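Novice: Mind looking over this structure? Questions follow.
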Amino acid sequence: MTGKPSYGGEASESAEGSFEPTERSRVKRLHKRGHYDRETVYEVLDAGLIAHIGYVIDGQPFVTPTAYWREGDMLYWHGSAASRMLETVGEGIPCSVTVTHLDGLVLARSGFHHSINYRSVMAFGRAFFVEDPEAKMAAFEAFVERVFPGRWAELRPATTQEVKGTSVLGMKIEEASAKIRTGGPVDDDEDYALPIWAGVLPIRTVIGAAVPDAKLAPGIERPAHLSIFRPETEFDALLTSTAKLPAAAE
């Protein structure tokens, strides 16, 4: 998504250049796995749907999982207007957003060399509330279209109470780093001759067969816009492809 609109916040930027690593965003261990270019950071973010929001309330750290989407350098998420997390984070306190994909289990010849193949991003910024009702509605549409392109137009229009009872937060990514591990095990040289199986067990999240609602009215067929959700389709690849579609609010 190019994400030119920002639903009342700062204008988002295009996928160019790199985030400048700082003391809080720089990968300190296994630094070769660290990436700061926007292209890599965006790829990891766009392949995901669930993020963990880290924040502090009265000295107590909390981490809350939530669905999110990205547009340019902006991250967005929503929830109940009564949410303590949204109410607190929306005041502009510092927060972090993390996204992780599990890609495989790495089995080595030593227990201490077992590992995990993964892609992850940690982003930092300060969130703000999307206040304007029209901007909020545009954000809701963008989120639905982010996951289900073509679905918003066929849905029942949102009610005033639904919009009022749901908060939308945006966060400009001030700093971000990606950390990625790929490949097989890395053993001690002398261990490669041991008669122990080693390798990678890939892990994928895939779409399953659709299960119609038990209360679905007779004669309603699965809509054409859901044809991209074919069984065995890799979910992160599907999200990556839909992220490249024009944002609903553009």
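Novice: Looking only at 217, 237, 51, which one moves most when the chain is put into a Gaussian network model with springs between Cα atoms under 10 Å?
Specialist: For the chain, modelled as a Gaussian network with Cα springs under 10 Å, the answer is 217.
Novice: Roll a 1.4 Å probe over the protein heavy atoms and report the accessible area of residue 152 in Å², nearest 10.
Specialist: Counting only protein heavy atoms, the figure is 60 Å².
Novice: Something else now. For a quick check: with amide H placed at 1.01 Å from N, whose amide H comes under 5 Å from residue 118's, ignoring anything fewer than 5 positions away on the same chain?
Specialist: Sorted by chain and number, the residues that satisfy this are 103, 181.
Novice: Taking all protein chains in place and a 1.4 Å probe, what share, in percent, of the accessible surface of region 55-166 do carbon and sulfur account for?
Specialist: Here carbon and sulfur together make up 58 percent of the probe-accessible area.
Novice: Continuing with the same structure: For the chain, what is the relative contact order in percent, using Cα pairs closer than 8 Å and at least 6 residues apart in sequence?
Specialist: 27 percent
Novice: Here is a further query. Could you work out Rg/(2.2 N^0.38 Å) for the chain, with Rg from alpha carbons only?
Specialist: In units of the 2.2 N^0.38 Å rule of thumb, it is 1.15.
Novice: Something else now. Along Cα→Cβ, 7 Å out, is where each label goes; now give me the distance between the ones at residue 174 and residue 33 in nm to one decimal.
Specialist: 2.7 nm
Novice: Taking 4 °C and 1.567 mPa s as the conditions, I'd like the Stokes-Einstein D for region 161-250 in µm²/s, using the Kirkwood hydrodynamic radius from alpha carbon pairs.
Specialist: My calculation gives 67 µm²/s for D.
Novice: Can you pull the one-decimal nm distance between simple spin-label points at residue 62 and residue 126, each 7 Å off the Cα toward Cβ?
Specialist: The two pseudo-label positions are separated by 2.0 nm.
Novice: Moving on. What does the extension gain come out to for residue 193 and residue 156, with contour length at 0.36 nm per residue minus their alpha carbon separation?
Specialist: Separation in residues times 0.36 nm, less the Cα-Cα distance, equals 6.9 nm.
Novice: Another question, then. Counting heavy atoms of the protein chains only and a 1.4 Å probe, report the per residue accessible area for region 16-71 as a whole number of Å².
Specialist: 56 Å²
Novice: Also, quick follow-up: Which value in nm describes the separation of the simple spin-label points at residue 116 and residue 207, placed 7 Å from the Cα toward the beta carbon?
Specialist: In this crude label model, residue 116 to residue 207 measures out at 2.7 nm.
Novice: Another question, if that's okay. With every protein chain kept in the model, how would you rank 118, 76 by accessible area, 1.4 Å probe, largest at the top?
Specialist: 118, 76
Novice: Stokes-Einstein at 10 °C, 1.306 mPa s, Kirkwood radius from Cα pairs: D for region 95-228 in µm² s⁻¹?
Specialist: Answer from the Stokes-Einstein relation: 80 µm²/s.
Novice: How large is the accessible surface per residue of region 165-218, computed with a 1.4 Å probe and reported in Å² as a whole number?
Specialist: Counting only protein heavy atoms, the per-residue value for region 165-218 is 63 Å².
The values are calculated or read from the model by the stated rules, or taken from the named source; none is laboratory data. Just so we're clear, the structure is a prediction, and the values are computed from it rather than from any experiment. Counting neighbours? That spans all protein chains shown, and the Cβs are built from the backbone with ideal geometry, glycine included. Heavy atoms of the whole protein, side chains included, go into the accessibility calculation; ligands, DNA and RNA do not. Shrake-Rupley method; radii C 1.70, N 1.55, O 1.52, S 1.80 Å.
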